[in-house]
Amino acid sequence: MNQNLFTSFNIPMMLGIPLVVLIILFPITLIMPSNKLINNRLSSLQQWLIQLTLKQMMMVHTNKGRTWSLMLLALISFIALNNLLGLTPYAFTPTTQLSMNLGMAIPLWAATVFMGLRFKTKASLAHFLPQGTPVPLIPMLIIIETISLFIQPMALAVRLTANITAGHLLMHLLGDTALTLMSIYVSSSTITIIIIILLITLELGVALIQAYVFTLLVSLYLHDNS
């Protein structure tokens, strides 16, 4: 039995060795490439989703930004699969770890910023000081814009961590409530179980939406700097 609500978010260990790397790589092994000349329904659905996702994210990009298509597609698939992994029984959700999400957000954000400074130096520096700013406000606005720029990767990581963690905690609380009510009021327990089923359905949507939002924000940062 868990000691507290956050015990399920601890990284699993075996013989003192963290298993987080194996857990993160496990969903990727479930994607099998198609080696058939004629695609089946699953392959066709997969290709349709890939084309739809790329179209939504890449329609506003220049040719230089579209070179990131493969990386963004891999990113959204990786986050979505790891989010869905946490909805299986007795599983660990890697995306509930802020350190992992920061490890994805900071390099991607830094790459877009360095790309903007290299290829669009004037436009990138112009974001720190809007046109027509009064002279007395120039130092303050530069500081504020610099802080807002460095907050972007934190916002990416915290948003993903908070949304996934909140859903898991809510399911955990409702599950304990259903077990407690089952021995007291059967009717109340049945209603709670129905709510849990609906919540799991909602979490399936949240898992996919958060993967899309994370990737879309990275795509927008790329658009601003390419």
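Would you call Leu199 over 25 Å from Ala110 (Cα atoms) and either at pLDDT 80 or above or surrounded by fewer than 18 Cβ atoms within 10 Å (Cβ to Cβ) (or both)? Give the derivation first.
Working: over 25 Å from Ala110 (Cα atoms): yes; either at pLDDT 80 or above or surrounded by fewer than 18 Cβ atoms within 10 Å (Cβ to Cβ) (or both): yes.
Yes: the conditions hold for Leu199.
Using the structure shown, decide if Thr95 is open to solvent by less than 90 Å² (accessible area, probe 1.4 Å) and over 15 Å from Ser219 (Cα atoms). Step through it out loud before you land on a result.
On the way: open to solvent by less than 90 Å² (accessible area, probe 1.4 Å): yes; over 15 Å from Ser219 (Cα atoms): yes.
Yes.
Anything in the stretch 202-216 that is within 16 Å of Pro89 (Cα to Cα) and either open to solvent by less than 70 Å² (accessible area, probe 1.4 Å) or touching a His at 6+ places or on another chain (Cβ under 9 Å) (or both)? List them, or say none. So that I can check it myself, show each step before the final result.
Quick first cut of the stretch 202-216, residues within 16 Å of Pro89 (Cα to Cα) only: 203-204, 207.
Once the filter is applied, which keeps residues that are within 16 Å of Pro89 (Cα to Cα) and either open to solvent by less than 70 Å² (accessible area, probe 1.4 Å) or touching a His at 6+ places or on another chain (Cβ under 9 Å) (or both), the stretch 202-216 yields Glu203, Ala207.
What residue, among those in the stretch 36-75 that are of a type in the set (A, V, I, L, M, F, W, C) and not in a helix (DSSP H, G or I), is most open to solvent (accessible area, probe 1.4 Å)? Step through it out loud before you land on a result.
If we filter the stretch 36-75 for residues that are of a type in the set (A, V, I, L, M, F, W, C), which is where we start, we get 37-38, 42, 45, 48-50, 52, 54, 57-60, 68, 70-75.
The next check asks that each one be not in a helix (DSSP H, G or I); those that pass are 37-38, 59-60.
Working: Leu37: 181, Ile38: 139, Met59: 108, Val60: 77 Å².
Taking the candidates together, the pick is Leu37.
So Ile194 fits all but one of (1) open to solvent by less than 70 Å² (accessible area, probe 1.4 Å); (2) more than 24 Å from Met58 (Cα to Cα); (3) part of a helix (DSSP H, G or I); what number is the exception?
Looking at each condition in turn, Ile194 falls short on (1).
Ser43 fails exactly one of the following numbered conditions: (1) modelled with pLDDT under 80; (2) within 20 Å of Gln210 (Cα to Cα). What is the number of that condition?
The failed condition is (2).
Please go through the stretch 110-136 and give me each residue that is over 23 Å from Leu156 (Cα atoms) and open to solvent by less than 40 Å² (accessible area, probe 1.4 Å), ordered by number.
Answer for the stretch 110-136, where residues must be over 23 Å from Leu156 (Cα atoms) and open to solvent by less than 40 Å² (accessible area, probe 1.4 Å): just Thr133.
Just wondering, is there one or more residues in the stretch 98-121 that are part of a loop (DSSP other than H, G, I, E, B) and either acidic (Asp, Glu) or over 21 Å from the mean Cα position of the chain (by Cα) (or both)? Spell out how you get there, then give the answer.
First, the residues of the stretch 98-121 that are part of a loop (DSSP other than H, G, I, E, B): 120.
Still in the running and either acidic (Asp, Glu) or over 21 Å from the mean Cα position of the chain (by Cα) (or both): 120.
For the stretch 98-121, residues part of a loop (DSSP other than H, G, I, E, B) and either acidic (Asp, Glu) or over 21 Å from the mean Cα position of the chain (by Cα) (or both): present.
Give me the residue from the stretch 140-169 that is open to solvent by 80 Å² or more (accessible area, probe 1.4 Å) and either of a type outside the set (A, V, I, L, M) or in contact (Cβ under 8 Å) with a residue 24 or more places away in the chain (or both) and, out of that set, nearest to Pro94 (Cα to Cα). Before the answer, list the steps.
Residues of the stretch 140-169 that are open to solvent by 80 Å² or more (accessible area, probe 1.4 Å), as a first pass: 140, 143-144, 147, 150-151, 154, 159.
Adding the requirement that they be either of a type outside the set (A, V, I, L, M) or in contact (Cβ under 8 Å) with a residue 24 or more places away in the chain (or both) leaves 150, 154, 159.
Numbers: Phe150: 24, Met154: 17, Arg159: 14 Å.
Filtering the stretch 140-169 for residues that are open to solvent by 80 Å² or more (accessible area, probe 1.4 Å) and either of a type outside the set (A, V, I, L, M) or in contact (Cβ under 8 Å) with a residue 24 or more places away in the chain (or both), the one nearest to Pro94 (Cα to Cα) comes out as Arg159.
The values are calculated or read from the model by the stated rules, or taken from the named source; none is laboratory data. As the structure is a prediction and not an experimental result, all values here were calculated from the model. Cβ: placed from backbone, ideal geometry, glycine included. Neighbour counts: every protein chain shown. To get the accessible areas, we keep the full protein, side chains included, count just its heavy atoms, and leave off ligands, DNA and RNA. Shrake-Rupley method; radii C 1.70, N 1.55, O 1.52, S 1.80 Å.
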